[in-house]
Each structure stands twice: as structure tokens, then as C-alpha cells.
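Encoded as C-alpha cells, the structure appears first; notes follow it.
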Amino acid sequence: MTEAELISLLRGSATDSAARNLDDDVAVLPIGDDSFVLTHDMIVEGVHYLPADPPADVAWKLLAVNLSDLAAKGAVPVGVLLGYMLGDDDWDRAFADGFSGALAAFGVPLLGGDTVAAPAGATRSLGLTAIGRYGGSPPSRAGARPGDLLWVTGSIGDSGLGLAILRGELEGPEDLAERYRNPRPRLEAGQRLAPLVDAMMDVSDGLLIDASRMAHASRCRVRIELEAVPLSEAYLQTRGDGRDDRLAASTSGDDYELLFAAAADDAAAILNMAEEIGLPCSRIGRFEAGEGLVLTDHGELMTLPETLGFEHRR
């Protein structure tokens, strides 16, 4: 079963409007004129991080990926709840120290959670619930409209290349490995962008698959220009700028950049914001009437790759 199939089975139970029909990465609870934004992400050893990764880096990543969901709604973090699986004492101590440091770095308090002990040798699995606040109703995945432009912050593909470096599959700079181990949630950008966008989400499973999810939720077709996908200098020097290189970047996950749809009239405001905070925003496509994903390279219509990104399945 895939993640999408399980969500479909559960959708009938998600009847409260806060669940957003399970079409978003968060739940949104209206509280007066504001909203509480709630998200829960898990990370699993061997899936989201490598067994040899330092515990402090695992702690950082667990917090960062949850805060990234809040960033995609423009929410200000309020606190987190930790779900922890006890294991090796030294690992647990190092994780606790790293988690405390990560919380301090983002100015987010720990509010509680749960701790369990697993059988010896069990694969480590960790969970976190993050709570944020937004003044009004935050953007969802589902608001893109035909004519909207598709944008993404930062650069794409660095984390996937960093994972390959950590696995010993190629050589490259430490900066790329750090993008995999220590993602940076775009909290300030999300808060600045939220009033301008029609839809927003983070890129966690891959640019193409996440853009297609936004299009599906918005009942639109999305057209992406492969040559416009932003690649870092480190990516270009390590892998290259060919079509296959750009497809690899666009289908790898763990970027945690913001993907958003906005009216063309808001382009100048978006670019001004990007310059003010020092985080590039790149226009990579547009939404159209219809459905699905269309991919072009310098105007040439491309056949979609067999895999658009990462999807959990058994």
C-alpha cells in the first residue's frame, strides 16, 4: 500500500473542516480571528536519515521538517510535542542535547510528548507534533488558479546529492551533505509570502511530485519549465546542468524549500521580499485549466519520468 492509498482510506474519517480533507500537510483549527496550525511528521532510521548520522543532526532534522510544514502555512511556531523511542543510552543523551540546541536555535519550546521503549534491535522511529499560529486562515495546497505562476525558494536537488555523498556514491562538498542532514525551514519567507500566495507547501518528496500534488488539490494542471528550476553552484559543479541532472534534482526529496502559486501581478512583491531577506525565489512554471503535470525543457515537451519523487509504500 502507498501513502496516498492509506490517506484515501482514512479520508472518510477526517470530517472536521480542520482536517482540510487530508489534502494538506497540516490541520488548521480556527481560534477566534486566528488559527492554530498543527502538523505531525515522523522520521525513520534508514529512510529519512542514515544509521551513522550524528544523533544531534537527527534531532535537528526531526524539528526542522516539522517546522517546514508550519513555514509553508506562514505560521509562527508555538511549541512541539516529541514522540521518542528509547535505545542506546549514549545515543539518547546525544539526541537530547542536540534537540535542546535545535529548539533554542529556533526559539521553540518543548511542550510535552511521549516516550516508549522498543525491543532490542528495532529500527528507530521518531515523531514530532509542531503547533503554530497564523492570523487568519493560512494558505493551503488547494488554492492555485489557472494563470497563477509557480515559484520555488532557494535551490533544488542539493539534499538528494548530499545523501549520495554520505552514502559514498560520489564525492562532493560538505555543504551538500549538510543540506541533507540539517535542512533549514523557511519560516521567515513563509510568513512574508503567506499574504501574497494562493497556495503553498514545502518540497519534501521532490519538486515534481509535490507540484503535481498541489495541482491535483487545486484541480488545475501545472506546467513546469525544467530549465528554470534553480540549482546551486555546488550542485552544478558536482553533478552538472544536463537534462538528466535537472531531472535528478527535480525528483529527489528533502529540499524543504517553499513551493507556491501566486498571481502574476504579485511577482514584483515576491521578488522584493526575496531580495530583502536574501533568499532567491524562482518562477518555474504556471497553472492552467486541466489536470496533471506537464514538463518542458526550453519549450520542448518532455515525457514525464517514471518516478516523480519519493512516496512511502510497502
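The values are calculated or read from the model by the stated rules, or taken from the named source; none is laboratory data. Bear in mind the structure is a predicted one, so any value in this text is a computation, not a measurement. Don't worry about glycine lacking a Cβ; one is built from the backbone with ideal geometry, like all the others, and counts go over all protein chains shown. Accessible surface is based on the protein model in full, side chains and every heavy atom, while ligands, DNA and RNA are left aside. Shrake-Rupley method; radii C 1.70, N 1.55, O 1.52, S 1.80 Å.
Key figures for this structure:
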item: The stretch 1-40, subset farther than 27 Å from Val76 by Cα and among the acidic types (Asp, Glu), residue modelled with the highest pLDDT; result: Glu5
item: Scan of the stretch 249-261 for residues that are among the small types (Gly, Ala, Ser) and over 11 Å from Leu207 (Cβ atoms), ordered by number; result: Ala261
item: Residue among Pro119, Pro77 that alone is touching a residue at least 12 places away in the same chain (Cβ under 8 Å), of a type outside the set (A, V, I, L, M) and either under 17 Å from Leu50 (Cβ atoms) or out of contact with any Ser or Thr (no Cβ under 6 Å at 6 or more places or on another chain) (or both); result: Pro77
item: Segments classed as strands (runs of 3 or more DSSP E), wholly inside the stretch 182-287, with at least 1 members that are among the β-branched types (Val, Ile, Thr) and open to solvent by less than 40 Å² (accessible area, probe 1.4 Å); result: 221-225
item: Residues satisfying the stated conditions in the stretch 144-197, i.e. touching a Leu at 6+ places or on another chain (Cβ under 6 Å) and of a type in the set (Lys, Arg); result: Arg186
item: Residue check for Gly12: under 19 Å from Pro195 (Cα atoms), without any contact (Cβ under 8 Å) to a residue 40 or more places away in the chain and surrounded by fewer than 22 Cβ atoms within 10 Å (Cβ to Cβ); result: no
item: Given (1) more than 20 Å from Arg213 (Cα to Cα); (2) touching a residue at least 24 places away in the same chain (Cβ under 8 Å), number of the condition Asn272 does not satisfy; result: (2)
item: Selection count, the stretch 107-121, where residues are within 21 Å of Leu63 (Cα to Cα) and out of contact with any strand residue (DSSP E or B) (no Cβ under 7 Å at 6 or more places or on another chain); result: 1
item: Any hit, the stretch 164-181, residues being touching a helix residue (DSSP H, G or I) at 6+ places or on another chain (Cβ under 7 Å), within 21 Å of Asp57 (Cβ to Cβ), touching a residue at least 60 places away in the same chain (Cβ under 8 Å) and open to solvent by less than 20 Å² (accessible area, probe 1.4 Å); result: yes
item: Within the stretch 46-158, strands (runs of 3 or more DSSP E) holding 1 or more residues that are buried (at least 19 other Cβ atoms within 10 Å of the Cβ); result: 76-86, 125-134, 149-153
item: Residue list for the stretch 19-45, restricted to those being out of contact with any Ser or Thr (no Cβ under 8 Å at 6 or more places or on another chain), surrounded by 15 or more Cβ atoms within 10 Å (Cβ to Cβ) and small (Gly, Ala, Ser); result: Ala19
